[in-house]
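In what follows, a structure is listed as structure tokens, so that the remarks can point back to it.
Read-outs: derived from the displayed coordinates by stated rules, not from any lab. Quick caveat, the model's predicted, so the values are computed rather than measured. Here Cβ is always computed from backbone atoms with ideal geometry, including for glycine, and neighbour counts include all displayed protein chains.
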């Protein structure tokens, strides 16, 4: 079995996932995290099932510039954004159906409703989007 560190970064599965303003699901992880290693194949499977969402895997120790001052206390931590605004940032049970339900509920919400996930989450999303949209 390969270690989480040996896994390649995720890539968008379809052109729709790279469109500006499209949905993003970003998993914040660490190579040493065993739970993250188990979650990675489920996350990748979910990416294939949701081609309208751009899934990204970020090792916050290898890419500490993306994490900035964000203090991630629990792995995996998920960041969900609608392409412009970070709508969710927090730990999530490492189960594909949990993330699928969260995505579905956020996508079904009225656009612009809610306060977003806060300035730390927004900053993290903007750094990831800038780095991964090149």
If each of residue 131 and residue 32 carries a label point 7 Å out from its Cα toward its Cβ, how far apart are those two points in nm? 1.9
Could you order peptides 127-134, 47-54 by the average number of other Cβ atoms within 10 Å of their residues, highest first? 47-54, 127-134
For residue 71 paired with residue 42, estimate the spin-label separation in nm (one decimal), with each label point 7 Å from Cα along the Cα-to-Cβ line. 2.7
